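> The following block contains the structure, expressed as structure tokens.
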Amino acid sequence: MRRRRWILALLALIVVAAAVVSMRRAGGAAVDVTAEPARRQAVFRASVTASGEIVATRYADIGSSVMGKIVELNVKEGDTVKAGQVLARIDPVQARADLTAAQAFIRALESEALAADEQVRAAQADRAFAAARLGQADLELKRARDLHEQQLLPRSELDARQAEYDSAAAQLKAAEAAIDRARNTGLASQGRVGQARAQATRARDVVSKTEVTSPMNGVVSRLQVREGEMVVIGIQNQPGTVLMTVSDLSAIDAEVKVAEADVLRLKLGQAATVVLEALPGREFRGRVVEIGASALPVTGAAAAAREFRVLVRLDQADAALRPGLTCDVEILTDERANVISVPLQSVVLRPAGGGAVGSGREQPGVFVVEDERARFTPVKTGIIGGLDMEVSGLDEKALVVSGPYQALRDLADGARIRVQTSTGR
């Protein structure tokens, strides 16, 4: 009986020892992972995607330079227009009345100026007569003084000659003063004529602006008013009325917003592909022609990722493209030939040299499946294309652990894994 107990105890110890050895050999429970083979790609592209809308390269929001009622609207939305064509007319009655009044005022002032010129000429004639009279009076006064000194002329006659001289001098002075007054009147009239002509020019300009014309050849892409409506001009912080938008559809752009994480990868001239939900199955080629120098304003109080405005010029305009259509743009930022790629999420960071996490410099790498274990393999990363990343230093036949994310985050070098079926790339 005792012998039997010893045998049972020995068997139990053997089972426990075998279990311990098995667990040590197994290295713990296996981790469920998915894996995908690395792929060699003949052409591997990196791109930036963004969304936006179709816009005309050249367009103008047309307002009015005068306030009034629209009495004539000559176009409708979608019409083709030429540069200089009259699109609408604002009520010109007040502007024409101001022009007529300014022109009448000019004529009146010109008449005053002519009258002043006549007065100057008359005063000059009076001055000439007064100067001649003064000269004659001066001669007679001198002769009278000589005769009086010789006691040949009485004192009364000398006084009479002196009075005639003083009268002639006063008449000359009065004539010169009249000339100055007439000249000043003429100069004032001429100055007022200049002001009146400036007012008439302004009134004429206002009259011309009652006709709203197109600044370019294009299409009326948006019409925002109707005949009979009042339009106002912009003042200070109050915007004026926008009558319509004329767009030159001979050149089309896609205006998109690119996230700040991607904008530094963009350069002028990079190729792009534009697709529209309104035109399924069609692609439009273009190139980057403008990259915003500063981020777009953030609307709302909540913090949000910054975005930059980017313009892509389409190689060929199409009649089907209309301003305002939404679009998606893929911009090619880099291209490599004959590279090995792995899923983006397969690339992880681990301490260099096999140290503990957080102990120092980290290096990128992937976990390769070897004998049901995950072996960390350092790699050199390259460009990102979609959900894949270019790597070097990896066998193109390697089976790389691709997920799930939680397993990759905690996976250790040499850990036991159980590979499940992957959906592939």
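> If amide H atoms are built 1.01 Å from N in the plane of the peptide, which residues on other chains or at least 5 residues away come under 5 Å of the amide H of D388?
L344
> For the pairs K82/K267; K142/K173; K209/K257, note any where the Cα-Cα span goes beyond 28 Å.
Where the Cα-Cα span goes over 28 Å, the pairs concerned are K82/K267; K209/K257.
> Follow-up. On alpha carbon coordinates alone, what is the Rg over Rh value for region 237-305, Rh being the Kirkwood radius?
Expressed as Rg/Rh, it is 1.04.
> Mind checking which aspartates and glutamates have their Cα closer than 19 Å to the Cα of K397? Skip sequence neighbours fewer than 8 apart in that chain.
Those aspartates and glutamates meeting the cut-off are E36, E370, D371, E372, D388.
> As a test of the formula, what do you get for the chain when each DSSP H run with n ≥ 4 contributes -39,500 (n - 2.57) and the sum is divided by the residue count, at 222 nm and rounded to the nearest 500 deg cm²/dmol?
-12500 deg cm²/dmol
> Tell me which GluC sites (Glu not before Pro) from region 34-130 have a DSSP coil assignment and no more than 14 other beta carbons within 10 Å of their own.
For GluC sites (Glu not before Pro) across region 34-130 that sit outside H, G, I, E and B with at most 14 neighbouring Cβ atoms in 10 Å, the list reads E77.
> Right, here's the next one. Just order 145-154, 331-340 by mean Cβ neighbour count inside 10 Å, highest at the front, would you?
Details: 145-154: 11.9, 331-340: 16.4.
Per-residue Cβ counts within 10 Å, averaged per peptide and sorted highest first, yield 331-340, 145-154.
> Place +1 on the Cβ of every Lys and Arg and -1 on the Cβ of every Asp and Glu in the chain, take the dipole about the Cα centre, and give the residue among A30, Q238, S156 whose Cα lies farthest towards its positive end.
The one lying farthest along the dipole's positive direction is A30.
> Whose amide H sits under 5 Å from the amide H of T333, counting only residues 5 or more places off or on another chain, with H placed in the peptide plane?
A46, S47, V48
> Right, next: Over the chain, what number does the Rg to Rh ratio reach, with both radii from the alpha-carbon atoms and Rh per Kirkwood?
Ratio of gyration radius to Kirkwood radius for the chain: 1.51.
> Considering the chain as a Gaussian network with a 10 Å cut-off on Cα pairs, which listed residue, L187, L158, L411, attains the greatest mean-square fluctuation?
L158
> Where does helix 155-209 land angle-wise versus the long Cα axis of the chain, in degrees 0 to 90, nearest 10?
Here the helix axis deviates by roughly 30 degrees.
> Over all directions, the average projected area of the alpha-carbon convex hull for region 93-209 comes to how many nm²? Don't skip to the end; give the middle numbers.
Details: hull surface 32.1 nm².
Result: 8.0 nm².
> Skipping prolines and chain starts, which residues have an amide H placed within reach, meaning under 5 Å, of the one on L243, given they are 5 or more residues away or on another chain?
I62, G63, S64
> Follow-up. Sort 318-325, 208-215 by packing, meaning the average of other beta carbons within 10 Å per residue, with the highest value first.
208-215, 318-325
Throughout, read-outs are computed from the coordinates displayed, never taken from laboratory work. Computed from a prediction, not measured in an experiment: that's the story for all the values here. Using ideal geometry, Cβ is built from the backbone for each residue, glycine included, and neighbour counts are taken over all protein chains shown.
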